[in-house]
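J.: First the structure, which I've put down as structure tokens, then a few questions once you've had a look.
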Amino acid sequence: MEPETFQTVQALTTVSVVNIEVSLVWLSIPLAILIMFFLFKKNHVYDVMLLGDEVSKNLGIDYNKESIKNLVLISLAVSLTTALVGPLSFLGLIAVNISIELFKDYKHKNLYIFGSLLAAIVLIFGQSIIELTGFHSTVTTLISFGGGVYMMILILKENRA
């Protein structure tokens, strides 16, 4: 593939707020609000599920049923964001794990809010670095690099424990 063609394909398929189709945004806002509402409403259920399958069942929560519901909602949310801006490989890993480390709290209600704010900050900070330094790269590349390094740190940390 020619370098110019590759750059054109890369520009069209990478994360960019500039490339968002406005008509899709207006269609996706109600769906995003609905997904956030359901996830936020079930935060107490997810707190109990964090205790494990057996404990959840003993406390009256159908672990398997709730897991499937949760996976469907997460799949919808991920497909929605991917359709709007493109794939963001490590952003979820970074936001969730750093918010757990900083918060030292496992309550989903707090982690939703803090993780969302942290993800927005990472995106804005990453794009700012790209813009201010004049790198000929994308925020996706920067987040993937940082997320990959962070994932290796987490794996090494877990192996020591």
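The values are calculated or read from the model by the stated rules, or taken from the named source; none is laboratory data. Keep in mind that what you see is a predicted model, and the values were worked out from it rather than measured. FYI the Cβ positions are ideal-geometry reconstructions off the backbone, even for glycines, and counts take in every protein chain you see.
J.: Does residue 51 count as closer than 26 Å to residue 150 by Cα and over 19 Å from the mean Cα position of the chain (by Cα)? Give the derivation first.
T.: On the way: closer than 26 Å to residue 150 by Cα: yes; over 19 Å from the mean Cα position of the chain (by Cα): yes.
It is true that residue 51 is closer than 26 Å to residue 150 by Cα and over 19 Å from the mean Cα position of the chain (by Cα).
J.: Which one is nearest to residue 8 (Cα to Cα), of the residues in the range 119-147 that are loosely packed, with under 13 Cβ neighbours inside 10 Å and within 15 Å of the chain's Cα centre (by Cα)?
T.: Per the criteria, the residue is 124.
J.: Need pairs with beta-carbon distance below 7 Å; first residue in the same structural domain as residue 96 (by TED's automatic domain parsing) and assigned to a helix (DSSP H, G or I) and within the range 107-124, second among the polar types (S, T, N, Q) and surrounded by 13 or more Cβ atoms within 10 Å (Cβ to Cβ); sequence gap 6+ or separate chains.
T.: 108/43; 109/43; 111/99; 112/43; 114/99; 115/99; 118/99
J.: OK, next. How do the helices (runs of 4 or more DSSP H) wholly within the range 1-104 filter down when requiring 2 or more residues that are within 20 Å of residue 139 (Cβ to Cβ) and at pLDDT below 85: which remain?
T.: Details: elements: 3-13, 22-41, 43-49, 53-58, 63-85, 91-103.
Output list reads 3-13, 22-41, 63-85, 91-103.
J.: Then there's this: For the range 80-92, indicate whether the set of residues that are within 18 Å of residue 110 (Cβ to Cβ) and in contact with a Ser or Thr (Cβ under 6 Å, 6 or more places away or on another chain) is non-empty. Don't jump to the end; show me each part of the working.
T.: Of the residues in the range 80-92, the ones within 18 Å of residue 110 (Cβ to Cβ) are 92.
Okay, now just the ones that are also in contact with a Ser or Thr (Cβ under 6 Å, 6 or more places away or on another chain), so none.
No, the range 80-92 has no match at all.
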